[in-house]
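Peer 1: Have a look at this one.
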Amino acid sequence: LLNRYRVDAFIDRGGMADVYRGFDLSRQITVALKFMRPDFAEDDEFERRFGKEAGALDHLDHPNIVRFYELVRADDHLFMVMEFVDGVALRKHIFRQAGPLPVEEVLSILTPIAAALNYAHAQGVLHRDIKPGNIMLAKDGHALLTDFGIAKLTESATVTSVMAGIPAYMSPEQCAGRALDARSDVYSLGVLA
């Protein structure tokens, strides 16, 4: 794509996008390429709002937040370029277990994720979609929070087919469509715990 990005392998499908492992020929690094669904990619208002969110995400720099590189338009494709995490989503990790995770492992995941949220909140950024599918566990066990800003974006986009967040993890004020602050993310983290 654009003589810069090579798409190597399909990784996962979500409600808004398909994610692929790719390679950035300019930076010479493996990246994650998150392609927006066509109904989002073709919506000019969505792209405008997403670009605004991307600007806010660009300055987040924390060891437990998946790095966002850029938003790219290539022909009919709108995609995000992000840090590639060689690992598995917490959601899949939980399902693979024969029972509850050991307390030590839970703490080794929640502590850095709480630190990442604290950092983001200090930067004025709310996540709004804390759930096991948005936490990546690298092969070395390092926990990273991903998908910042997406839920906030879909709340204000012209496309109405996607609900912002998973109700099981959402705070009561988010379910009611009221104004949110950092406490809503903390509530969702508590549900996750």
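The values are calculated or read from the model by the stated rules, or taken from the named source; none is laboratory data. As the structure is a computational prediction, the values presented were derived from the model and not from experiment. Cβ atoms come from the backbone with ideal geometry, glycine included; neighbour counts cover every protein chain shown. For accessibility, only protein heavy atoms count, side chains too; no ligands or nucleic acids. Shrake-Rupley method; radii C 1.70, N 1.55, O 1.52, S 1.80 Å.
Peer 1: Run down Arg91, Arg6, Arg21 and say which single residue is open to solvent by 80 Å² or more (accessible area, probe 1.4 Å), closer than 18 Å to Leu144 by Cβ, modelled with pLDDT of 95 or more and not aromatic (Phe, Trp, Tyr).
Peer 2: Being open to solvent by 80 Å² or more (accessible area, probe 1.4 Å), closer than 18 Å to Leu144 by Cβ, modelled with pLDDT of 95 or more and not aromatic (Phe, Trp, Tyr) holds for just one of Arg91, Arg6, Arg21, which is Arg21.
Peer 1: Given the conditions (1) modelled with pLDDT under 90; (2) within 23 Å of Leu189 (Cβ to Cβ), and given that Asp43 satisfies all but one, which numbered condition is not satisfied?
Peer 2: Checking Asp43 against (1) modelled with pLDDT under 90; (2) within 23 Å of Leu189 (Cβ to Cβ), the one that fails is (2).
Peer 1: Let me ask something else about it. Using the structure shown, decide if Glu53 is surrounded by 14 or more Cβ atoms within 10 Å (Cβ to Cβ), more than 14 Å from the chain's Cα centre (by Cα) and either at pLDDT 95 or above or acidic (Asp, Glu) (or both).
Peer 2: Taking the combined requirement at face value, the residue does not satisfy it.
Peer 1: Moving on. Among residues belonging to the range 24-42 that are more than 14 Å from Met82 (Cα to Cα) and among the charged types (D, E, K, R), point out the one that is most open to solvent (accessible area, probe 1.4 Å).
Peer 2: Applying the filter and picking the extreme gives Glu42.
Here's the yes/no breakdown for (1) touching a Pro at 6+ places or on another chain (Cβ under 9 Å); (2) under 28 Å from Ile29 (Cβ atoms):
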{"residue": "Gly99", "(1), (2)": "no, no"}
{"residue": "His127", "(1), (2)": "no, yes"}
{"residue": "Met136", "(1), (2)": "no, yes"}
{"residue": "His142", "(1), (2)": "yes, yes"}
